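Working notes, structure below.
The values are calculated or read from the model by the stated rules, or taken from the named source; none is laboratory data. Because the structure is predicted, anything quoted here is derived from the model rather than measured. Note that we place each Cβ from the backbone using ideal geometry, even for glycine, and neighbour counts take in every protein chain shown. Areas reflect the complete protein model, heavy atoms only, side chains present, ligands, DNA and RNA absent. Shrake-Rupley method; radii C 1.70, N 1.55, O 1.52, S 1.80 Å.
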Amino acid sequence: MPLNRCLSPHVPLAQAGHERLTWLEPRTGERVRVKAWTCDCRATVYGLCTAGGQGFIRRTLQREGSPEVHETHRWTIPQTYEMWAAVLSGMAR
Ligand SMILES: [Zn+2]
């Protein structure tokens, strides 16, 4: 039986009526801390990031060659954790 290597959560299917996040080109040149992430066994990986006292969610589409990276608008840190919970429960995408 194969080892289960999935230690991070998987994003479920989006629920009906889920909030649609706006995905922007990533900013560059800032120090970003990734506080949590979803499992990288999936093609699309989400990360909860903080930078400069604000938070946002980063979405990485893993592809051959270069990954495609987008991120949300900035929120307060508590708002970011709320949105992260919404993403992990399929209520935002
Ligand atoms: Zn996994």
Express the accessible area of the chain per residue in Å², computed with a 1.4 Å probe while the remaining protein chains stay in the model.
68 Å²
GluC sites (Glu not before Pro) within the chain: which are DSSP loop residues with at most 15 other Cβ atoms inside 10 Å?
GLU30, GLU64
Net charge near GLY52 (other residues with Cβ under 12 Å of its Cβ; Lys, Arg +1; Asp, Glu -1) is +3
Projected label distance in nm at CYS39 and HIS18, using a 7 Å step from Cα toward the beta-carbon
1.6 nm
Take the solvent-accessible surface of the protein heavy atoms, probe 1.4 Å, and return the percent of it on the chain that carbon and sulfur atoms account for.
52 percent
